Structure formats: structure tokens, C-alpha cells
């Protein structure tokens, strides 16, 4: 397998991207290709001992920044690390491309260069969401690509999320929940009510509406919503997790007794930190385009890069893109109407 990474994308690139790639290479035998300025990337790689036949650099003279207009930058910055990486997926030079760069540009590149899977109207970002109380993570989609959706789009998200959860995270019969303001079937907007009906009649295992207060308990395997709501849920969850960890740290460092208690519970605190740390879950695949693209958090550190590389492998190995293509073709046209 050949795994491509945007060496110049993200707040901590290229240093953390290179470090994460080197760490991942020690656990896998796959080839890792870093896209970006050759001299810059090679200078960072020089700080590590690595297999030069396993990690190589593909030169890209330009960079798409977070301030660039997504569509225009994809069309004009053809020599950028992101565009060259997506192009490499299309030309089957690599099997998957990973980037922590401009989300809009990565989505636009996926649409313009790779194209949509036939039958998919809106590709979506699928983010693994830690369950604060439950023991298993959930998949949230859309987590930020589409701020407004039609009922059929939400059905597509449910189908794609079910496939990803099954093929990549090993859940045999994923449960799908629709984010709403109430558990009753009659609650919500015109869009969510229509989406409820479509999901109820579909092949996915739909459990009904999920209220926001129940999300931390992990009520289902896949949470479906539009990208506006999904991004709010994602950012709120990240904020609560970070605040909770800081609160615990502050409380358990107040005085000798608290510090002693913290020492005795150190292993449990480490487990909690790992459970709530986004860097442990890897990136968010863009589902619905004709190729494997994965978006990392903009502030990804080396650990996040490493885990994204490791978790991108089953995405490719289990043919998620092809399975989505085949499954969407089986959905009746009437199910995708507004």
C-alpha cells in the first residue's frame, strides 16, 4: 500500500507531520510519500533514523494555506502539496491521501479532481467522536462539509457511515441515529422529519432520533446530521473534554492530599486522557468521493498523524470507496427524493 501525506498542511506542519510519518513507519511496512517542498521535508527527515526506501518525498512547490479560498486555490495552485496529492490518488499512484490543511480545499479537490461516487449528492466528513460515558466511539457525519442538507443527503450519510463503521471499525450491524431536538418521530424540522421517514425505510439499522444530551452516552454507532450541527457537536465535545481534563488536573493538584490521591489514580487518569484525546482516533475520511481522502485536525500533532496513517489502512484494505459505490446503487431512487 502507498500512503500519501500533505507534508505542508496544518498548523504544525511540516515538523509534526514528518515526525508522525516516521513513527508510523516503524509499525507498518507500507510506503509513505510526503508531498511538499523537497528541501524542507528532507531537512526535517534528517533528524530521524528511518528507512529511506519506505519514506520518500514527492516535490510540490506550492502550498494551500487556511486563508486561501478553497475552490480558487484548488484550480490555481496546481503545484501545491494538496492538489498533487489528490491528483496522485486519481492516477492511482497512491492509495490514500491524508491532509491537515484547508478543509474546504481538500473537499473541493476531492469533488473537482476525483469526482463524486454516482448517486451521492453530497460527500461528507465522517469524524470519530469519543463517547464520554460509553466504552465505544461513535461516527459523526456530516461533521462540517455541508451546512445545509436535503433529507436524501442525510440518508446518504447514514448509508456511508454504516459502511465505514462496519468495514473500518468492525461493528457488524451499526446502529444509526438522527440528531434531533426530541426523540419523538414528529419532532424536528421539515428536513429531519422527512429524513426520519427515509432512514426508517432504508436498509440501515435506524434507531430513531437522538437528543444532544444523550450523545455523550454513546446511544448509537453512527450519528447523522447536517454539517452545521455536526461541527457544533464536534467542537463542543472537544471543548468539554479539554475543560474536563483541565478541571481534574487543577483539583488534583490542590494540596498534599489531592496530589497523593492523583498519584494513586494516575493510571486511571491516563486512560481517561487517552479516551478523550482526539489525536488517538485519527482523521476524518471524506466519504462520497471516488478515492480515499482523509482530513486530519488542523492542529494535529505527531501522535495524531501516526494514528491517522495507521487507521487509514483498513479504509483502503476493506475497499470502503467501492462498497459505498455498490451500496448506493442499490438505494431506490424514491428514497433519495426530498
| remark: The exposure ranking of 73, 172, fewest beta-carbon neighbours within 10 Å first, is 172, 73
| 308, 217, 49 arranged by Cβ crowding within 10 Å, fewest neighbours leading | 49, 217, 308
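Report the FRET efficiency, 1/(1 + (r/R0)^6), for residue 246 and residue 310, where r is their Cβ-Cβ distance and R0 is 30 Å, rounded to 0.05.
The calculated FRET efficiency here is 0.60.
Work out, step by step, the length gained on full extension between residue 184 and residue 147: first 0.36 nm times the residue separation, then minus their alpha carbon distance; give nm to one decimal. Write down the numbers at each step before the final one.
Details: separation 37, 0.36 × 37 = 13.32 nm, distance 2.38 nm.
Taking residue 184 through residue 147 to full extension adds about 10.9 nm, to one decimal.
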| Which whole-number percentage describes the relative contact order of the stretch 1-159, with Cα contacts under 8 Å and a sequence gap of 6 or more? | 22
| Between residue 203 and residue 90, what is the label-to-label distance in nm when each label sits 7 Å out along the Cα-to-Cβ direction? | 3.0
| field | Overall form of the chain per C-alpha gyration tensor (a/c, 1.5; a/b vs b/c) | value | oblate
| task | Compare the peptides 225-235, 206-216 by average per-residue count of other Cβ atoms within 10 angstrom and give them in order, highest first. | result | 225-235, 206-216
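Provide the packing ranking of 11-18, 312-319, i.e. peptides ordered by the mean count of other C-beta atoms within 10 Å per residue, highest first. Numbers along the way, then the final one.
Working: 11-18: 21.8, 312-319: 17.5.
Final packing ranking: 11-18, 312-319.
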| field | the chain, relative contact order [Cα under 8 Å, separation at least 6], % | value | 23
| said: Given an 8 Å cut-off on Cα distances and at least 6 residues of separation, report the relative contact order of the stretch 124-280 as a percent. | reply: 29
| Sorting 129, 247, 155, 242 on the 10 Å Cβ count, fewest up front, what's the list? | 247, 242, 129, 155
| What length, rounded to one decimal in nm, is gained on full extension from residue 235 through to residue 53, with 0.36 nm per residue of separation minus their alpha-carbon distance? | 61.6 nm
| field | Estimated inter-spin distance, residue 38 and residue 11, nm [label 7 Å along Cα→Cβ] | value | 3.3
| Points 7 angstrom from Cα along the Cβ direction at residue 264 and residue 319: gap in nanometres? | 5.6
| request: Using 0.36 nm per residue of separation minus the Cα-Cα distance, give me the extension gain between residue 329 and residue 303 in nm, one decimal. | output: 5.6 nm
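Taken together, the values in this text are just the output of simple stated rules run on the coordinates, not laboratory data. Values in this document were obtained by computation on a predicted structure and should not be read as measured data. With ideal geometry, Cβ positions are generated from the backbone for all residues, glycine too; neighbour counts draw on all protein chains shown.
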